[in-house]
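Have a look at the structure below before the remarks.
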Amino acid sequence: MRRIVTVTFNPAIDLTTSVKRLVSGPKLRCVQPRIDPGGGGINVSRAIAKLGFTSIAVAAIGGVSGEILKCRIDQEGVEAKWFEIDGDTRQSFTVQDESSSEQYRFVLPGPEWSSAAFVGLLETCSQLIKADDYVVASGSLPPGVPDDAYHQLAELADQAAADLIIDTSGPALAALVKKGQAGVRILVMDEDEASQLAGIPHVEIDDASKIGTRLIADRVAETIIVTLGGRAAVVTSPAGKLCLIPPNVQISSKVGAGDSFVAGLVTSLSEGRPFGQALKHAMGTATSAVTTPATELCTREGAETYSAAVECKWLGAL
């Protein structure tokens, strides 16, 4: 099995709670919050552990909240390489309206980075990443980190002969697309990210296919995956185009579904499974995540069960 390294520039302490009804004005009495470590790559590493595999999580932490995150990760048995920064690790929180079952997710920006801190984290990654590693870079970028941070990480991974999977959004995704030729093996984005990138209000399966074709032509990544929530995931690669349709399940919480998708994908690839099988396992893992409450992520048993029920459709050649 190939080694997996995850990279998180902007981890978080995730607080999840609920109220009887979310309204403006009065004090809202919440239930006791659940506290979890979070942020792109951190959640991918946590999901990898739940699937019975190992990874090394590289993450930047700072302040009291950073120590809390570190403690929580240690308790979950995830191996980590911590990079100390000034400022406090951010907090994010999710509130569920019990009357409607709607979730409201609030995401804070994170501490301001110095240019020296960014260079230091890249140096840490350079020393750690080796040939044949799978590297997963996931999540948003904190203030002070350049928008092309993932492009620079891609160049580093390419020099090390490692395979890079990126899942990001906003200015970081736009910069990656603008620069192109980044040496990215797989780029994953959700429906909102794809719609912003394409400048369209909604993304259908055909739209996702066209987006993937364009990004491959622009040499942004070898393979593009656009996830469309519970509807499908569209995969565009030199081998052709596929549409993955998940089984219909009762959704408990959508938190962590995308990170679980990436975890299912990278663990399968690191085992040497064929790409089609790895994709079905990724979709099954994401499906497992939405059936668990709050920030529970996936389960190993659920991932295997739902993977077998994923439908895979051929959409045609690239």
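The values are calculated or read from the model by the stated rules, or taken from the named source; none is laboratory data. Treat the numbers as computed from the prediction; the structure is a model and nothing was measured. Using ideal geometry, Cβ is built from the backbone for each residue, glycine included, and neighbour counts are taken over all protein chains shown.
The table for this structure:
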quantity: Condition check for A239: at pLDDT below 95, among the hydrophobic types (A, V, I, L, M, F, W, C) and either surrounded by fewer than 18 Cβ atoms within 10 Å (Cβ to Cβ) or touching a Pro at 6+ places or on another chain (Cβ under 7 Å) (or both); calculated: yes
quantity: Residues that are of a type in the set (A, V, I, L, M, F, W, C) and exposed (fewer than 15 other Cβ atoms within 10 Å of the Cβ), drawn from the stretch 18-27; calculated: V23
quantity: Matching option when the condition is over 17 Å from S45 (Cα atoms) and under 15 Å from the mean Cα position of the chain (by Cα), among T305, T287, T267, T292; calculated: T287
quantity: Test result for I85, closer than 26 Å to S260 by Cβ and among the aliphatic types (A, V, I, L, M); calculated: no
quantity: Residue count, the stretch 220-238 (criterion: more than 17 Å from the chain's Cα centre (by Cα), over 18 Å from E311 (Cβ atoms) and without any contact (Cβ under 8 Å) to a residue 60 or more places away in the chain); calculated: 2
quantity: Those strands (runs of 3 or more DSSP E) lying entirely in the stretch 64-133 with at least 3 residues hydrophobic (A, V, I, L, M, F, W, C); calculated: 79-84
quantity: Sole residue being in contact with a Leu (Cβ under 6 Å, 6 or more places away or on another chain), among the aliphatic types (A, V, I, L, M), more than 24 Å from A233 (Cβ to Cβ) and surrounded by 13 or more Cβ atoms within 10 Å (Cβ to Cβ), chosen from A149, A157; calculated: A149
quantity: The stretch 114-123, residues that are over 18 Å from G40 (Cα atoms) and surrounded by 13 or more Cβ atoms within 10 Å (Cβ to Cβ); calculated: S114, A117, G120
quantity: In the stretch 5-55, residue farthest from S101 (Cα to Cα) [restricted to those that are part of a strand (DSSP E or B) and among the charged types (D, E, K, R)]; calculated: D36
quantity: Residue ID - nearest to D14 (Cα to Cα), chosen from residues in the stretch 230-260 that are assigned to a loop (DSSP other than H, G, I, E, B) and basic (K, R); calculated: K254
quantity: All positions within the stretch 299-318 that are buried (at least 19 other Cβ atoms within 10 Å of the Cβ) and touching a Leu at 6+ places or on another chain (Cβ under 7 Å); calculated: A303, V310
quantity: The stretch 124-143: number of residues that are on the phi > 0 side of the Ramachandran plot and surrounded by fewer than 16 Cβ atoms within 10 Å (Cβ to Cβ); calculated: 1
quantity: Strands (runs of 3 or more DSSP E) wholly inside the stretch 161-229 containing at least 1 residues that are at pLDDT 95 or above, in contact with a Lys or Arg (Cβ under 8 Å, 6 or more places away or on another chain) and crowded, with 16+ Cβ neighbours inside 10 Å; calculated: 163-167, 223-227
quantity: Members of the stretch 239-264 found to be hydrophobic (A, V, I, L, M, F, W, C), under 19 Å from the mean Cα position of the chain (by Cα) and within 27 Å of A217 (Cα to Cα), listed by number; calculated: L244, F261, V262, A263
quantity: Pairs with Cβ under 9 Å, 6+ apart, first in the stretch 184-206 and closer than 17 Å to L244 by Cβ, second in a loop (DSSP other than H, G, I, E, B) and among the acidic types (D, E); calculated: I186/E222; L187/E222
quantity: Residue list for the stretch 266-303, filter: in a helix (DSSP H, G or I) and either touching a Phe, Trp or Tyr at 6+ places or on another chain (Cβ under 6 Å) or among the polar types (S, T, N, Q) (or both); calculated: V266, T267, S268, S270, Q277, A282, G284, T285, A286, T287, S288
